[in-house]
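None of the figures in this text is laboratory data; all of them are computed from the coordinates on show. Being a predicted model, the structure only gives us computed values, none of them experimental. For neighbour counting, all protein chains shown are included, and Cβ atoms are generated from backbone atoms with ideal geometry for every residue, glycine included.
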Amino acid sequence: MSDRLKTTFCGVEFKNPIITASGTFGYGLEYANHIDIGRLGGISVKGISLREVQGNPMPRIMETTSGMLNAIGLQNVGVVKFIKEKLPELRKYDTKVIVNFWGKTVDEYIEVAQILDDADVDMLEMNISCPNIKEGGIAFGTDPKMTYEVTSRVKKVVQNKPLMVKLSPNVTNIRVFAKACEDAGADAISAINTLLGMSVNIHTRKPNIFNVTGGLSGPAIKPVAIRMVHEVFRTVKIPVMGIGGIMDWRDVVEFSLVGAGAMQVGTANFVDPNIPLKIIDDLEKYLADNNIANLSELTGTVDLSR
């Protein structure tokens, strides 16, 4: 493998820009017997909280047209058990570890972040698409003031790791939220999280998801993700990590053109766990065939002229 795919993002050096997205790759270890996870640029582990969470009742996942609807409920073992039981095994592989984390209150976000800041991980990814139980269930990521508050307060306690904020697409103007994150001190932004969706069984007349609604992901949301990454990239000066419907190397190039400095592959992992590795190989070939020294040459170079 040449240096064409080497990527520096927030000061962290990745062997390639392909990272498996949080919530689609477990803790990474689940896939270790199926693919060479050491070839991945990085792994963003499933969302970690202060305490263990069992998640929502079944059914909580279903296939949709060109995508997937899920309401897992952020099930995880909790930050202490993750660091003690999962992280040491994951660290045996030659890949960067990004820890996605969340909380129900600002104080929970701060406590989890403090613990992770001292752990052997490479980056933190803060999921703000969570309801603030002290504010009537309003999601942190759908109120600019709450976005600023949680980001600024967490950033004050995160001293050792880059802090990336994962934005919700369920807003009117994502630029406002991206700017709030940057002003609050975030080191990077990842975009986008899932779109809120719903599906109903026409025979039982009941929702297909126990939780009624869930997060829509997969190829169906890629045009929305491309548009939002484009807007975020042109709004802030901090780097942007693109997420949403990536299935092959062409999608990665498209995200790069609109400004993504690295990319996360999510729903594709459910289709075929080998897809991220195939993307790495195909992307390397594309860059070589087109005499492009490094993927970063394409970042944000979309031609908007007519």
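A few points about this structure:
- Dipole of the chain computed with +1 at Lys/Arg Cβ and -1 at Asp/Glu Cβ about the Cα centre; of Leu277, Asn294, Asn201, farthest Cα towards the positive end is Asn201.
- Counting only residues at least eight positions apart within a chain, or on another chain, the aspartates and glutamates with an alpha carbon under 16 Å from that of Lys179 are Asp143, Glu149, Asp187, Glu231.
- Stretching the chain fully between Asp94 and Gln114 yields a gain of 4.7 nm (0.36 nm per residue, less the alpha carbon separation).
- Which of Asp118, Asp282 has the fewest Cβ neighbours within 10 Å, and the rest in rising order: Asp118, Asp282
- CD proxy at 222 nm, helix term only [per DSSP H run n ≥ 4: -39500 (n - 2.57); per residue of the chain; nearest 500]: -7500 deg cm²/dmol
- Antiparallel bridges, percent of DSSP beta bridges restricted to the chain (to nearest 5): 40 percent
- Ranked by how many other Cβ atoms sit within 10 Å of their own Cβ, fewest first, the residues Met198, Met263, Met247 fall in the order Met198, Met247, Met263.
- Subset of Lys15/Lys104; Lys156/Lys237; Lys81/Lys145; Lys15/Lys92 violating a 26 Å alpha-carbon distance limit: Lys15/Lys104; Lys81/Lys145
- Förster-model FRET efficiency, 41 Å R0, Ser305 and Met198, C-beta, rounded to 0.05: 0.55
- Solvent-free Debye scattering, log10 I(q)/I(0), computed from the Cα coordinates of segment 33-174 at q = 0.09 Å⁻¹: -0.29
- Under 5 Å between amide hydrogens, built in the peptide plane, is the criterion, and for Gly245 it picks out Gly218, Gly266, Thr267 among residues at least 5 positions away or on other chains.
- Computed FRET value (nearest 0.05) for Lys81 with Lys145, which takes r as the C-beta separation and R₀ as 41 Å: 0.80
- Sorted fewest first by neighbouring Cβ atoms within 10 angstrom, Ser190, Ser296 come out as Ser296, Ser190.
- Inverting the pair-averaged 1/r between distinct Cα atoms of the chain gives 19.3 Å as its Kirkwood hydrodynamic radius.
- Near Cys130, the amide H atoms lying under 5 Å from its own belong to Phe140, Gly141; only residues 5 or more places off or on other chains count, and H is placed 1.01 Å from N.
- Taking Ile133, Ile246, Ile48 as the candidate residues, the one with maximal mean-square fluctuation in a Gaussian network model of the chain, Cα springs under 10 Å, is Ile133.
- Paramagnetic label reach from Ile292 (point 7 Å along Cα→Cβ; backbone nitrogen cut-off under 13 Å): within segment 1-42, residues 4-6, 17.
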